[in-house]
Amino acid sequence: MAVMALLTRCSCVLSAFFAVLAVQAQTMNPGDYMKREHSLMKPYTGTGSMSIPLWDFGGSTMVTDKYVRLTPDHQSRRGSLWNQVPCFVRDWEMHVHFKVHGLGSSLFGDGFAVWYVKDRMQLGPVFGNKDNFVGLGIFFDTYSNHNGPHNHQHPYVSAMVNNGSLTYDHDRDGTHTQLAGCHAQFRNKDHDTHAAIRYMSSQQRLTVMVDVDDKNEWKECFDVTGIRLPQGYYFGSSAATGDLADNHDIISMKMYELDTPKQDDLPNWKEPGADFFAPPRDHLDDPRGAFKNISLSGWKMAAIVFCGLLGVVVCIVVGVVVFQKRQERNMKRFY
């Protein structure tokens, strides 16, 4: 009897084991495999200012044992994280585990980006990376600049392909150069938030998916074709804060080579390109005019308020003097 009971238990364990394998077989392609030279996972080995194998970081980036923080929840910070190894995989998928959070409840920013570009480790104004970049940028924008009517909410996920000739327009939230985008509420979540970026050179196809609703399933953000990306570019991520701030954390970046039919006749594009751009939204001139790039500090604001109050006082004094003069003239008429 004891032997039979043991065999029964073993059979139950084996059945459960094979059931798990069956589920995994349905959700995974056994031909896809992770490229560790392009992936970042815990433990990061380096903490504080120490180095991370195969990765460089700069600016305000700080490495801890739980995450890589690109920017803290402080104003005017830029940070970046870059893979040292150029990617020569034709068809790939990058999974990014991230967390954007901060103390701000209604005002926060600016966001972060995931890159596949020619030049690395160059801090700049586009979510912490340089403008006029060459390659692909996926932007996770948390702040709307409200320049003109919008057809979407924020936070907003969008993509841009650049050959170095285009400038990212922050005042218009980049909508005049974006390929496509979607609204994704990924900020200040208690659960994990993920994004998947898939590029298939064989189909010239870019797909971005998000998992931000704690459902453990991918939701398509956008899927566009006619995208040409050369090989030999670098993966990275960067973030920036301005007058508004947030913590921008990268927990992992896992890059997979996709199991697709090999085609020897595929060209290696010399420069990035896209056949399609999203129709630009209507926009209005910035009502701030020449002051749109000026950030007012506390003492400057106080000086402006003081000058305004002084002007009001002067106007009142002048008005009283004029009124008294008229009263005197009117009284003289009766003598």
Check your understanding: Relative to the present Cα-Cα distance, how much length would full extension add between Gln84 and Thr45 at 0.36 nm per residue of separation?
Key -> 12.5 nm
Review point. Could you sort Arg228, Arg36 by accessible area so the largest value comes first, with the probe set to 1.4 Å?
Key: Arg36, Arg228
**Study point:** Val317 versus Trp269: modelled label distance in nm, points set 7 Å from Cα along the beta carbon direction
**Key:** 6.7
Check your understanding: Based on the inverse mean of 1/r over its pairs of different Cα atoms, what is the Kirkwood hydrodynamic radius of region 167-252, in Å?
Key -> 15.4
Revision key, fill the gap. For region 94-182, the per residue accessible area (1.4 Å probe, Å²) is 34
Practice item. Determine the sum of side-chain charges near Ser105: Lys and Arg each +1, Asp and Glu each -1, restricted to other residues whose C-beta is under 13 angstrom from that of Ser105. Key: -1
Revision key, fill the gap. Between His183 and Leu244, the FRET efficiency computed from the C-beta separation at R0 = 25 Å comes out, to the nearest 0.05, as 0.85
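The values are calculated or read from the model by the stated rules, or taken from the named source; none is laboratory data. Values in this document were obtained by computation on a predicted structure and should not be read as measured data. Don't worry about glycine lacking a Cβ; one is built from the backbone with ideal geometry, like all the others, and counts go over all protein chains shown. Protein only, heavy atoms only, side chains kept; ligands, DNA and RNA dropped before computing areas. Shrake-Rupley method; radii C 1.70, N 1.55, O 1.52, S 1.80 Å.
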